[in-house]
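What follows is a set of notes on a single structure, which appears directly below.
The values are calculated or read from the model by the stated rules, or taken from the named source; none is laboratory data. Bear in mind the structure is a predicted one, so any value in this text is a computation, not a measurement. These accessible areas exclude ligands, DNA and RNA; they are computed on the full protein's heavy atoms, side chains included. Shrake-Rupley method; radii C 1.70, N 1.55, O 1.52, S 1.80 Å.
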Amino acid sequence: HIKTADAIFSSVGKVYHIDEDLFPAFGALGGASGAFVLMYIDALAEAGVRAGFARPITGEIATATVMGSGALAMNSSEHPIALMNAVCSPGGTTIEGVCKLRELGFDTAVQQALQAIIARTSFWRRTDAPASTVVAVSRPVIADETIKNGRPLVAPTVLPVLPTMIAF
């Protein structure tokens, strides 16, 4: 059954074999955390508005930046921190912003939010269920949209990753 599931789901996304007790974490990391990314895009756009840009421009810039950074991380063998360090000049503006985010608890806030999702999911999980072999598929949802605001999209719109899990 697992080989059949692998064959089916690998046609639409990356297949991960995980223990059933990791379902809540997989759902949080691969699904619910997409809301965090959308919040980050909105926060970037809001900061751009405060700096004097019109909201439509800041939304496009923030979204393109997140998509570009995501593509860079996805297509690189480097750790995300190494990629981040590569764009932080010593004494520069980018490292100043990174330090401010860390000072304000960015990493801790994201990690605690993910743990809250996992805890909430675990609250609903049955504890008497037998252990299973699990096939988990992480697949981006791509909107079939070629025109946005009268202009062609540079790339398809990618929505947060939707996890799919099947137990055998």
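Summary table below
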item: Nearest-10 value in Å² for the accessible area of residue 60, using the 1.4 Å probe; result: 90
item: Solvent-accessible surface (1.4 angstrom probe) belonging to residue 120, in square angstrom, nearest 10; result: 130
